Amino acid sequence: MDAGANKAALEERIRSFSVTDYAAERTLALFSASIAVADPRIITDAISLYRRNCPSRSPLYELVLQSYLFLGFPRMLEAADLLHQAWPEPVDHHTNDEPVSPEETRSWYIRGDKLCRRVYDKNYTALRRRVESFAPDVFRWMILEGYGKVLSRPALDIVSRECAIVACLVVENRPRQLHSHIRGALNVGADRELVRLVIEDLRDVHADGWAAARDILKKLEMDTRS
């Protein structure tokens with residue numbers, strides 16, 4: 001968690017949140033933010049908030065899985081344990097000892113490349129060149145591991161995923177990545193008002209992260225109009 005994040009403000013936002021426009025997407029985004037602050041009580045409250053309004057557990061599980069891409073394995077594992085405690089679901093304890101097949105890996109890479117192109121749109125080539133210029137291995141990992149294996153899983157739509165990513169990046173105060181994923185959310189079809197509300201829900205949680213996200217969205221709006 002970034003030192004500038006205000007856990008008490010997030011806790012209050014979750015507890016006072018009332019069902020309004022885009023309730024499912026915004027409560028998922030608040031859950032993603034709670035994983036970023038890594039406070040068990042706040043994570044559990046975020047699970048309860050989502051559960052009061054939405055019947056399916058799977059979107060929460062999907063956000064837990066994708067959190068390791070942006071927050072690391074320790075916070076992902078902690079959130080997975082808390083989700084299981086708060087909303088238990090039968091677990092298949094059978095372990096698949098077979099290695100990932102070449103066909104499955106190829107499928108991940110193909111669908112990852114397709115999704116990455118949707119998210120970055122006309123900036124895809126520039127992204128690839130920039131990342132490959134300083135970390136040649138990382139771009140392929142992003143496609144395979146991030147966009148292919150994780151973010152293109154069919155159990156959760158990409159708009160909800162991108163809004164949740166924006167939320168955790170506000171809490172982490174990551175302006176460069178915020179720019180990519182706010183623009184990415186819009187590129188994959190998120191309503192501009194939804195993105196604005198997701199950002200506004202975190203206004204008091206991280207002042208710098210919120211201000212960066214707000215300014216990025218405004219700039220993107222002006223670029224669209226010009």
(message) Could you identify which residue out of ARG176, ARG13, ARG196 has the top mean-square fluctuation in a GNM of the chain using Cα springs shorter than 10 Å?
(response) ARG176
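Tell me, what % of the accessible area of the chain is carbon and sulfur with a 1.4 angstrom probe?
Working: 5940 of 11760 Å².
Carbon with sulfur: 50 percent of the solvent-accessible area.
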(request) Take the cross-link list LYS114/LYS218; LYS114/LYS149; LYS7/LYS218 and give me the ones stretching past 24 Å between alpha-carbons. (result) LYS114/LYS218; LYS7/LYS218
(request) With label points built 7 Å along Cα→Cβ from the Cα atoms of SER133 and ASP191, find their separation and express it in nm. (result) 3.9
(message) Rounded to the nearest 20 debye, what is the charge dipole size of segment 1-158 about its Cα centre when +1 sits on each Lys and Arg Cβ and -1 on each Asp and Glu Cβ?
(response) 640
(message) Mean-square fluctuation check for the chain, GNM, Cα pairs under 10 Å: which of ARG153, ARG174, ARG41 is largest?
(response) ARG41
(message) Can you tell me which of ASP157, ASP204, ASP21 moves the most in a GNM of the chain? Springs connect C-alpha atoms under 10 Å apart.
(response) ASP21
(message) Using Cα-Cα distances under 8 Å and only pairs 6 or more residues apart, what relative contact order does segment 142-216 have, in percent?
(response) 34
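Ignoring ligands, DNA and RNA, what accessible area per residue does the chain give at 1.4 Å, in Å²?
Numbers: 11760 Å² over 226 residues.
Per-residue value: 52 Å².
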(message) Between ALA24 and ARG118, what is 0.36 nm times their sequence separation minus the Cα-Cα distance? Round to one decimal in nm.
(response) 31.6 nm
(request) Can you sort VAL138, VAL100 by 1.4 Å-probe accessible area, starting with the largest? (result) VAL100, VAL138
(message) Given an 8 Å cut-off on Cα distances and at least 6 residues of separation, report the relative contact order of segment 25-152 as a percent.
(response) 23
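Give me the extension gain from ASP223 to ASP204: residue separation times 0.36 nm, minus the current Cα-Cα distance, reported in nm with one decimal. Provide the component values of the computation, followed by the final result.
Numbers: separation 19, 0.36 × 19 = 6.84 nm, distance 2.71 nm.
Gain on stretching ASP223 to ASP204: 4.1 nm.
The values are calculated or read from the model by the stated rules, or taken from the named source; none is laboratory data. The structure presented is a predicted model; accordingly, all values stated were derived computationally and were not measured. Glycine also receives a Cβ, built like all others from the backbone with ideal geometry; neighbour counts cover every protein chain displayed. The protein model used for the area step is the full one, side chains on, heavy atoms only, and it has no ligands, DNA or RNA in it. Shrake-Rupley method; radii C 1.70, N 1.55, O 1.52, S 1.80 Å.
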